[in-house]
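To start, the structure itself, in structure tokens.
The values are calculated or read from the model by the stated rules, or taken from the named source; none is laboratory data. Predicted model, so just to flag it, every value in this text is computed and none were measured. FYI the Cβ positions are ideal-geometry reconstructions off the backbone, even for glycines, and counts take in every protein chain you see.
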Amino acid sequence: MMKAGEDLSFWKESFVKFYQAFILNDRWLQYLKGMGTTLMVTAMALLIGVILGILVAVIRTAHDQQRPGTGNPIGRFLLWFFNGICKIYVTVIRGTPMMVQMLIMGMVIFKTSRDFTSVGALTLGINSGAYVAEIIRGGLMSLDPGQAEAGRSLGLNYIDTMRLIVIPQAFKAILPSLGNEFIILLKDTSLITIIGGKELLDAAQGVYTRTYEQMYPLIGIALMYLALVMIFSWLQGILERRLRQSDRR
């Protein structure tokens, strides 16, 4: 059983370690700056991933839903060619570890760049794009083909049919999966530290290399990540409920 003096010493030591990790020399500002960078990288990677994902999903869906013998030969060839590129992209990205991709981008392709944070955001965006593409493609393929045919019968071309009719309906079905991908993307931002990116994990590392105490900085950023994930999950839930309510009207 712990004695009163030992108990007091434990809490005193814990307070000193907490003070050194978060308060001394305004170190909490390092975590705040790291969190800002984490959110910025997440937003940049999400934008890249969504744009790539939509582009790849539309090309692959158009190829899969193409009827044999329709369209001109040049158009069919181009669709086949770009579909092949998209399949290779998705296969390579989904088949290799995220950390390996980060190291290749940071130490091979962009080895002369000093903007490690932007390189990390680009890598995360390219990685996320492959997963977003499969999520969107699954949503597009799950819709009744009659939806697209109805759009074409109204005089809309393929792009307008996808933009105005098909994608808005598919978005409701894939929103939970997209939300999960966004959360994974948020947590994967910690990987940019391995190529020199300055985000939340880097802030914690900068603190515990000075204090030689890893527990408080690491637990602190773990709680910060958890808080961010809970906030975004809550916002995603609100959006899903509003979309369900609009369906009932």
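Here's the yes/no breakdown for (1) free of Cβ contacts under 8 Å to residues at least 12 places away in the same chain; (2) more than 26 Å from residue 131 (Cα to Cα); (3) surrounded by fewer than 20 Cβ atoms within 10 Å (Cβ to Cβ); (4) not hydroxyl-bearing (Ser, Thr, Tyr):
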| residue | (1), (2), (3), (4) |
| --- | --- |
| 143 | no, no, yes, yes |
| 157 | yes, yes, yes, yes |
| 160 | yes, no, yes, yes |
| 165 | no, no, yes, yes |
| 173 | no, no, yes, yes |
| 182 | no, no, no, yes |
| 185 | no, no, no, yes |
| 199 | no, no, no, yes |
| 211 | no, yes, yes, no |
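What number goes with the only condition from (1) of a type outside the set (Gly, Ala, Ser); (2) under 30 Å from residue 168 (Cα atoms); (3) modelled with pLDDT of 90 or more that residue 243 does not pass?
Residue 243 satisfies every listed condition except (3).
For the range 206-223, name all the residues that are assigned to a helix (DSSP H, G or I) and of a type in the set (Ser, Thr, Tyr).
Kept after step one, since they are assigned to a helix (DSSP H, G or I), are these residues of the range 206-223: 206-211, 215-223.
The answer is 208, 209, 211, 216.
Considering (1) surrounded by 16 or more Cβ atoms within 10 Å (Cβ to Cβ); (2) at pLDDT below 85; (3) not basic (Lys, Arg), say which one residue 70 fails and leave the rest.
(1) is the only condition that residue 70 fails.
Scan 77, 116, 110, 81 and give me the residue that is over 19 Å from the mean Cα position of the chain (by Cα), among the hydrophobic types (A, V, I, L, M, F, W, C) and within 24 Å of residue 39 (Cβ to Cβ). Outline the logic, then answer.
On the way: 77 fails: within 24 Å of residue 39 (Cβ to Cβ); 116 fails: over 19 Å from the mean Cα position of the chain (by Cα); 81 fails: within 24 Å of residue 39 (Cβ to Cβ).
Selected residue: 110, the only one of 77, 116, 110, 81 that is over 19 Å from the mean Cα position of the chain (by Cα), among the hydrophobic types (A, V, I, L, M, F, W, C) and within 24 Å of residue 39 (Cβ to Cβ).
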